[in-house]
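Only the coordinates and a few stated rules stand behind these numbers; no lab work does. Everything numeric here is computed off the predicted structure, so don't read it as measured data. Every residue, glycine among them, receives a Cβ derived from its backbone with ideal geometry; neighbour counts consider all protein chains shown.
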Amino acid sequence: MSDGLDEILRFRGRSISGADIVFIRQLVEANPRASRRRLSALLCEAWNWRQPNGQLKDMLCRTLMLLLHRQGHIALPAKRFEAINNVVARRSRQATLTLPLELSPKMPPLEMSLKALGPVEIAQVRRTPREALFDRLMREHHYLGYTRSVGEHLKYIFQAQGQPIAAMGWSASTPNVAHRNRFVGWTREQSIKNIHLIAYNTRYLILPWVKVPHLASHLLGEMARRISRDWQQLYGHPIYLLETFVDPERFPGTSYRAANWIFLGLTSGRGRNDLTHKVNRSRKNHLVYPLGRNFRRHLMRDHEQG
C-alpha cells in the first residue's frame, strides 16, 4: 500500500496512490483468465489485506476494485456467471420456507408492559439461515429500507411470545467523525488505525405492531452486554464503543438517552464522502455508548488490524 504521497483516492481510511493503481493493472494483466473474485483475492494476498481473524478482506477489496473500474482507473474482466452455491441456496430456501411461519401478514398486535412481554430471545443472524428474515424486515418496515453492508457487520433479530418484535443492524464506522474523535482523544491517524474497534448502529427497527413501553431502551441495554463478544467470535476482535446517528426531524432519540447513551452533538450534514464542504443532508444527533470504564485506554492502544 502507498504512503499517501501520490494519493488518487482514499478508501475506508486507506490511501490509494498512482503506484497502487499501476500494480492492480499489472495484476489484472498477469492473470487474464482470473475472475473478479479471484483477482480481489490475489490483491488481498499481495497487500496482506486481512481481517484480525486472518481471513482475507475479499469483499472490501472487491468493492475497491469495482470503484476503480467504474472511475476508469483499471479495467476489470467482464462479470462471469456465478455457479450456484448449493449450501447458500439450501439455506436461502430454508429461510424462505420459514418466513411465513415467523412473520405472518396477520401478526397479532403486542400491546402490553415490558414485564408482561416476558423473555426476549436475541439471535445474531449474520451468516445464518435467518439472515434473510432480517433483510426482509428492514426492506418492508424500516423507513430507510434495506441496504447491503460492506465489511464487518452484525445483524440481530429479537423475538418474544413466538414472533419477531425487533431487529438491529451494526456495521463498521468511519474514522472521520470529529465529535467522536475528540471524545475518545484520537488523532486522525489513530482514528484510521483503530476505527475497527467501534460499531455503528445502522438500523434499529421495532416492528409497527409492537407497542411495549421502554422496549427500545431495554433492547439497547441487552445489545451492549453482548455485541463485543459476538464481534470477537465472528471477526476476531472486540468492540469498545458503540455509536449512532439519529435524524432529529424524525426521532427524538429518547430510547438511546434512556439507555444512557451520551449525546456528543450534531453532525456537519455533509456525509462521509463529502468533497464540497457544503451541507447536503439533514444534520444528525450523534450519540455514543462506551463498553466499559477503560474504553479510552483500549481505543488508544496500538492495535494490529491485519
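Some notes on this structure:
- In plain terms, the residue of 302, 20 with the fewest other Cβ atoms within 10 Å comes first and the most crowded comes last, giving 302, 20.
- For residue 70, net neighbour charge (Lys/Arg +1, Asp/Glu -1) across residues whose Cβ lies under 14 Å away: +3
- The percentage of C-alpha pairs in the stretch 7-70 whose separation is greater than 15 Å is 49%.
- With N counted as the residues of the stretch 107-300, its alpha-carbon radius of gyration over 2.2 N^0.38 Å works out to 1.03.
- Stretchable slack from residue 302 to residue 247, in nm (0.36 nm times residue separation minus alpha-carbon distance): 16.4 nm
- Rough spin-label spacing in nm, given labels placed 7 Å along Cα→Cβ, for residue 187 and residue 71: 2.6
- Burial ordering of 147, 254, 174, fewest other beta-carbon atoms within 10 Å first: 254, 147, 174
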